[in-house]
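*Asks:* Submitted below is the structure of interest, expressed as structure tokens.
The values are calculated or read from the model by the stated rules, or taken from the named source; none is laboratory data. Since the structure is predicted, the reported quantities are computational estimates derived from the model, not experimental observations. All Cβ positions, glycine included, derive from the backbone under ideal geometry; neighbour counts span all protein chains shown. The area values use the complete protein model at the heavy-atom level, side chains included, leaving out ligands, DNA and RNA. Shrake-Rupley method; radii C 1.70, N 1.55, O 1.52, S 1.80 Å.
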Amino acid sequence: MKTYLLLLWIASICLCVSGCSNYRELNQIGVIIGMGIDENKNSEEPYKVTYQIINPSGLSQGSSSGGQGLPVINYTVTAKTLVEALKKASVVIPREHITSHLSLIIIGEKLARNDLSLLFDALDRGKQARTSIPVFIARDGTAEKLLGVIEPFEVTPVKSILSTSQNNQKMYGIVSNVQGYEVISMLLSEGKDLSLPGININKPSQKAEEAGNLENTSPSAMQVRGLAMFRKGKLVRWLDGDEARSVQLVTSEVKSTALVFPCNINENITVTATGIKSKIKTKIRRGQPFIHTDLNAIGEITETSCQKDLSNPKVLKELEKEVQKELQKEIKKTIHIAQKEKADIFGFGDSLSRTNPSYWRQHKQNWENLFSSAKISMNVNVSIVNTGMRTNPYEVN
């Protein structure tokens, strides 16, 4: 009986002391969801940092309680370091601000061209920090400007950037989201250089930062624009279109994409590729690195204006060869660009360090030069498994 009374007494105490002792209402704190880092003209305070904070009153617009203002508010400060910027933000942010919900980091292009090597130290060192945060480059502009766009489709600019990049990776494959810990890993790596997705405003205008942007049927909005290529922590070049996609194909980051190839004058055929897998192999032949990639994909013909008999297996085999030939051409072109810039964004050096560690230890300090002169070979295999709901295109008289 005494045992039961003791257990009952303990349970009662637990009920009294349980609960969220550190619980605070959303309107009592400043929740930072986005951070933009730009170069500041004043060298004594080299960083201009923009924090995007949730406005609970603005988010509640349309509800029965009503709301005031926009869903987010931006605050910008300048500082010597990022930690100082966060602390210094208290001079303009009226509530205690927290970074536990930080979902996005944008870096201005000017700053990215200088050096990112130690920029993420605070992100990795801080007790409250998280490194699973996507990182983007503000192409041809500043992070402050991007975070100021009144987004027409999503609730916040942060949500719009994340959704747009994820949708692109799923549907076309120009870029893929890169997390903070991956950025740090590539900056520290001796066998792989950094590459980051670019983002900008499709129609830059003053109205982009005003509520009037929502009253336009063709408003300013975020768009994915290219892949930033880095060498030793510095942005050296942008890759666009097929070049950017080729990087994602080699690193198996593309979920689906549309491959368009000419089959005659003013006639094209579109193959939607899925199940894309790639393998990288770096070997040593006669003392020199030899790079080989295997790419496999499943294709489906989703559009054509070519007068070809797609019910004929021989025709499909010819198309497969054509697709493979064009893909090889695109990927080799991109690899040669990377070799010219001495930027191994594919991770060929990382592959070599695993397959031939002794050679790597002796030559890793000179890898950028070895990579730039390495021989390239490639095997691309595309299997067209479907021609859609019809075999031949309809003929117009």
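*Asks:* Right, Glu190: within 25 Å of Ala343 (Cβ to Cβ), free of Cβ contacts under 8 Å to residues at least 24 places away in the same chain and either more than 15 Å from the chain's Cα centre (by Cα) or open to solvent by 30 Å² or more (accessible area, probe 1.4 Å) (or both) or not?
*Replies:* no
*Asks:* Additional query: Could you check Thr304 against (1) polar (S, T, N, Q); (2) within 16 Å of Val385 (Cβ to Cβ); (3) touching a residue at least 60 places away in the same chain (Cβ under 8 Å); (4) open to solvent by less than 30 Å² (accessible area, probe 1.4 Å) and say which number it fails?
*Replies:* In the conditions (1) polar (S, T, N, Q); (2) within 16 Å of Val385 (Cβ to Cβ); (3) touching a residue at least 60 places away in the same chain (Cβ under 8 Å); (4) open to solvent by less than 30 Å² (accessible area, probe 1.4 Å), Thr304 misses (4) alone.
*Asks:* Just to check your reading of the model, which residue among Lys255, Lys232 is of a type in the set (D, E, K, R) and either modelled with pLDDT of 90 or more or farther than 19 Å from Ile174 by Cα (or both)?
*Replies:* When all the criteria are applied, what remains is Lys232.
*Asks:* Let me ask something additional. Scanning the range 79-100 for residues that are of a type outside the set (A, V, I, L, M, F, W, C) and within 25 Å of the chain's Cα centre (by Cα), which turns out modelled with the highest pLDDT?
*Replies:* Here the residue is Thr81.
*Asks:* If you don't mind, there's one more thing I want to ask. Got a sec? Which of Leu116, Leu146, Leu104, Leu86 is in contact with a helix residue (DSSP H, G or I) (Cβ under 6 Å, 6 or more places away or on another chain) and not charged (D, E, K, R)?
*Replies:* Leu104
*Asks:* Follow-up question, since we're still on this one. Considering only the range 108-149, state which residues are within 20 Å of Glu84 (Cβ to Cβ), within 16 Å of the chain's Cα centre (by Cα) and among the small types (Gly, Ala, Ser).
*Replies:* The answer is Gly108, Ala143.
Per-residue answers, yes or no, for (1) under 21 Å from Ser252 (Cα atoms); (2) at pLDDT below 90; (3) open to solvent by 40 Å² or more (accessible area, probe 1.4 Å):
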site: Gly126; (1), (2), (3): no, yes, no
site: Pro134; (1), (2), (3): yes, no, no
site: Asp140; (1), (2), (3): no, no, yes
site: Lys145; (1), (2), (3): no, no, yes
site: Ile150; (1), (2), (3): no, yes, no
site: Val158; (1), (2), (3): no, no, no
site: Ile161; (1), (2), (3): no, no, no
site: Gln169; (1), (2), (3): yes, yes, no
site: Met186; (1), (2), (3): yes, no, no
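*Asks:* Sort through Ile345, Ile384, Ile331 and tell me the only one that's in contact with a helix residue (DSSP H, G or I) (Cβ under 7 Å, 6 or more places away or on another chain), assigned to a helix (DSSP H, G or I), in contact (Cβ under 8 Å) with a residue 24 or more places away in the chain and under 19 Å from Lys277 (Cα atoms).
*Replies:* None of the other options fit; the residue is Ile331.
*Asks:* Could I ask something else about it? Which of the residues that make up the range 227-238 are outside any loop (DSSP other than H, G, I, E, B) and surrounded by fewer than 23 Cβ atoms within 10 Å (Cβ to Cβ)?
*Replies:* Arg231, Lys234, Val236, Arg237, Trp238
*Asks:* Is there a residue in the range 200-210 that is aliphatic (A, V, I, L, M), within 30 Å of Lys333 (Cα to Cα), at pLDDT 95 or above and not in a loop (DSSP other than H, G, I, E, B)?
*Replies:* So far as the range 200-210 goes, no, none of its residues is aliphatic (A, V, I, L, M), within 30 Å of Lys333 (Cα to Cα), at pLDDT 95 or above and not in a loop (DSSP other than H, G, I, E, B).
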